1. Mind listing whichever residues of region 1-21 are assigned to a helix (DSSP H, G or I) and either at pLDDT 85 or above or farther than 20 Å from residue 66 by Cβ (or both)?
2. Among the numbered criteria (1) free of Cβ contacts under 8 Å to residues at least 24 places away in the same chain; (2) under 20 Å from residue 139 (Cβ atoms), which single criterion is violated by residue 81?
3. Among the listed residues 101, 53, 19, 64, identify the single one that is in contact with a Pro (Cβ under 6 Å, 6 or more places away or on another chain) and surrounded by 14 or more Cβ atoms within 10 Å (Cβ to Cβ).
4. Considering only residues of region 105-134 that are at pLDDT 85 or above and under 15 Å from residue 91 (Cα atoms), which is surrounded by the fewest Cβ atoms within 10 Å (Cβ to Cβ)?
5. Looking at 51, 22, 57, 66 in this structure, which one is under 30 Å from residue 103 (Cβ atoms), β-branched (Val, Ile, Thr) and touching a His at 6+ places or on another chain (Cβ under 8 Å)?
6. Anything in region 69-93 that is under 18 Å from residue 122 (Cβ atoms) and in a loop (DSSP other than H, G, I, E, B)? List them, or say none.
7. Considering region 30-50 alone, what residues qualify as being surrounded by fewer than 17 Cβ atoms within 10 Å (Cβ to Cβ) and touching a helix residue (DSSP H, G or I) at 6+ places or on another chain (Cβ under 9 Å)?
Amino acid sequence: MLLKKQLKREIAEELFNDSDKTLNFIAGIKWENGYICRKCGHDNYCEGKSTGSRRCTRCKTEESATAHTLFHNCKFPVNKAFYIAYTVCVEGKDISSYEYSDLLGLNQMTCWKFRKRIKDCVLKHGADKSNIAIQTLLLSEY
């Protein structure tokens, strides 16, 4: 299941414009095979306080959709981070960090570091950036 085959440009553009949709998309991929609490191993959950998060019904630990993913500790909007990941891995564009900065309204160094995080993830998994599976990219802990 590749990102190119699974995610059409029209759907991706909706995700680029709305952080909540992006978080729900990431949560859907992250817990595609079911939720299991990282703390106690329980598999029952309820919705967490933030969008896309889940709370264990046994130990009450809440896990966000971005925790332990490529987007973990991302200090800028997740939809902008997803845009960078999409253009690097799906479209295969080699856009400079200066262009991302102008396009997304972010600091140039922020764009450079996140793009480097994505490229490091691709290299870590030994995949070509055009053939990396969406689960591999999004669920990679950095």
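1. Answer for region 1-21, where residues must be assigned to a helix (DSSP H, G or I) and either at pLDDT 85 or above or farther than 20 Å from residue 66 by Cβ (or both): 4, 5, 9, 10, 13, 16, 17, 19, 20, 21.
2. Every condition holds for residue 81 apart from (1).
3. Among 101, 53, 19, 64, only 19 is in contact with a Pro (Cβ under 6 Å, 6 or more places away or on another chain) and surrounded by 14 or more Cβ atoms within 10 Å (Cβ to Cβ).
4. Top of the filtered list is 119.
5. Checking each option against the conditions leaves just 66.
6. 69, 70, 71, 72, 74, 90, 91, 92, 93
7. Selection gives 32, 50.
The values are calculated or read from the model by the stated rules, or taken from the named source; none is laboratory data. The structure displayed is predicted, hence computed values, not measured ones. Counting neighbours? That spans all protein chains shown, and the Cβs are built from the backbone with ideal geometry, glycine included.
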